[in-house]
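The values are calculated or read from the model by the stated rules, or taken from the named source; none is laboratory data. On a predicted model such as this, the values are computed, not experimentally measured, just so you know. Methodologically, a virtual Cβ is constructed for each residue, glycine included, from the backbone with ideal geometry; neighbour enumeration extends over all protein chains shown. Note: areas computed on protein heavy atoms with side chains; ligands, DNA, RNA excluded. Shrake-Rupley method; radii C 1.70, N 1.55, O 1.52, S 1.80 Å.
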Amino acid sequence: MTEISSNTSAENPTVRDTFLHVADLHFWKFVYNPLRLLSKRFLGNANVFFRRRHEFPMSQAEALIQGLEETGERQALLTGDFSSTALDEEFVLARAFVDSLATRGFSIYLLPGNHDVYTYESHRLQRFERHFAPYVPEQGYPALERFPGGTPLMLVPTVGPNVLSSKGRISAEELRKTGELLKDLAAPAIVAGHYPVLNETPGYRLTTNRLLRNAGALRRVLGESGIPILYVAGHVHRFSLVQDPVYPNLTHLCTGAFFRRNEREGIRGEFSRVRVSDAGFQVHRYTLREGWESLRSKPESL
Ligand SMILES: [Fe+2]
Ligand SMILES: [Fe+2]
C-alpha cells in the first residue's frame, strides 16, 4: 500500500478517532423470475443488468476488504446502498460482507440508502432492518453513537421509497430530533447520512430526481449548531470534499462507491479514511489501482 501522506494515532497524540468510510456497495442479484419483475424493480433490474453489472464486480469483494484491513484501522462507517433493488438475496450478500468486516475486528456503524428501501414492499417488510438487525441502532434513526475516542457520530435518516424517482427525504420530526441531539454534543462531531446536503460540488452534480428533498433544512440544522461538523455521505458514487460556503463550521465529504470501476481513471475501488482531532478533520482518499494508494485531501471551496 502506498501511503503518500501519513501519521498514525501513536505519532500524533491529538488524533482522538480514526474511521474508514465505505459507501454504496450495491450488491446485486439479477432476478430472472418474471413474476418478480413487477413495479419499479423492473427498472432497477434493467439498470443492474446493463450498467451496475459491469461497474460492481462482486468477485473483487475479498481483495477490497483486504485494503480496509491493511490500513490498521478498525472503525467502519457504511452509509447505505448495500443492495441494488432491496432483494433478500442482495441483503444476504451485503450482510456477509459486513459480518466479514466485524469478524476482522471492525466496529460497524451503518444506515440505509435509497436502494435499500427501493420498493414500497421492501420498505413495508423492513428488509434492511431485518437483515442488518445486529447493526441497526435499537432506537432507529437518527441515532447518536460514539467512536472509542469519544467523537460523537450522528446517523441521520434520509431515505424512503419512491414510485419512480430516487429522491431522499428527512421528516420534520427527524430534523427536530437531529437538532436536539446536536445541542449537547462535544465538538468536533461526525454526522452521516446517505444523501449529500449539497446538490452540486466540483466532484458531482445531482439531478432533480436524485437529490434529498429537504437538503437545505438539514444543512441549516447542521450549520446553525455552530459545532465543527464533518457531514459524511455517499449516493453520488464520486469523491468530493468541500468546505460549506455558508457555514464555516461545516465540511462535506462524499466517498466514491467501494466497488466502482472507473476505467478512465484506472480505479478499481475506493474508500476514505477520516482522522478526528481537536484541530478538526483530516481526510485521505484511498484508491485501488495496481495497488492501494492514499492521498491526503484538502477541502475545496465552492
Ligand atoms: Fe448508490
Ligand atoms: Fe443512493
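Could you figure out which of (1) among the small types (Gly, Ala, Ser); (2) modelled with pLDDT under 95; (3) more than 28 Å from residue 15 (Cβ to Cβ) isn't true of residue 133?
(2)
Working carefully through the options 218, 175, find the one that is within 16 Å of ligand 2 (Cβ to nearest atom) and under 28 Å from residue 26 (Cβ atoms). Before the answer, list the steps.
Values: 175 fails: within 16 Å of ligand 2 (Cβ to nearest atom).
Just one listed residue meets the conditions, 218.
Can you spot a residue in segment 60-78 that is open to solvent by less than 40 Å² (accessible area, probe 1.4 Å), within 14 Å of ligand 2 (Cβ to nearest atom) and either in contact with a Pro (Cβ under 8 Å, 6 or more places away or on another chain) or modelled with pLDDT of 55 or more (or both)? Let's see the steps before the verdict.
Pass one, segment 60-78, residues open to solvent by less than 40 Å² (accessible area, probe 1.4 Å): 60-61, 64-65, 67-68, 71, 73, 75-78.
So of that shortlist, the ones also within 14 Å of ligand 2 (Cβ to nearest atom) come out as 78.
Subset that is either in contact with a Pro (Cβ under 8 Å, 6 or more places away or on another chain) or modelled with pLDDT of 55 or more (or both): 78.
Yes, segment 60-78 has at least one match.
Evaluate segment 196-215: report whether one residue or more is more than 16 Å from ligand 2 (Cβ to nearest atom) and among the hydrophobic types (A, V, I, L, M, F, W, C).
no
Restricting the search to segment 239-249, which residues are surrounded by 20 or more Cβ atoms within 10 Å (Cβ to Cβ) and either within 16 Å of ligand 2 (Cβ to nearest atom) or part of a loop (DSSP other than H, G, I, E, B) (or both)?
Within segment 239-249, 239, 240, 244 meet the criteria.
Can you name the residue in segment 136-171 that is open to solvent by 30 Å² or more (accessible area, probe 1.4 Å) and not in a loop (DSSP other than H, G, I, E, B) and, of all such residues, is farthest from residue 120 (Cα to Cα)?
Looking at the filtered set, the residue picked out is 146.
Just to be sure before I move on: is residue 196 touching a Cys at 6+ places or on another chain (Cβ under 8 Å), part of a loop (DSSP other than H, G, I, E, B) and at negative phi in the structure I sent?
yes
Is it the case, given these coordinates, that residue 30 is touching a helix residue (DSSP H, G or I) at 6+ places or on another chain (Cβ under 7 Å), under 24 Å from residue 194 (Cβ atoms) and modelled with pLDDT of 55 or more?
Considered against the rule, which asks whether it is touching a helix residue (DSSP H, G or I) at 6+ places or on another chain (Cβ under 7 Å), under 24 Å from residue 194 (Cβ atoms) and modelled with pLDDT of 55 or more, residue 30 comes out as yes.
Please go through segment 250-281 and give me each residue that is within 15 Å of ligand 1 (Cβ to nearest atom), surrounded by fewer than 19 Cβ atoms within 10 Å (Cβ to Cβ) and modelled with pLDDT of 90 or more, ordered by number.
none
Quick one: count up the residues across segment 216-235 that are within 16 Å of ligand 1 (Cβ to nearest atom) and surrounded by fewer than 23 Cβ atoms within 10 Å (Cβ to Cβ). It would help to see each step written out before you state the result.
Let us first name the residues in segment 216-235 that are within 16 Å of ligand 1 (Cβ to nearest atom), namely 232-235.
Filter once more, so that each one left must be surrounded by fewer than 23 Cβ atoms within 10 Å (Cβ to Cβ): none.
Qualifying residue count for the region: 0.
Count, please, the residues in segment 80-96 that happen to be in contact (Cβ under 8 Å) with a residue 24 or more places away in the chain and open to solvent by 10 Å² or more (accessible area, probe 1.4 Å).
Within segment 80-96, residues that are in contact (Cβ under 8 Å) with a residue 24 or more places away in the chain and open to solvent by 10 Å² or more (accessible area, probe 1.4 Å) number 5.
Scan segment 95-112 residue by residue and report those that are modelled with pLDDT of 90 or more and either small (Gly, Ala, Ser) or not in a helix (DSSP H, G or I) (or both).
102, 104, 105, 106, 107, 108, 109, 110, 111, 112
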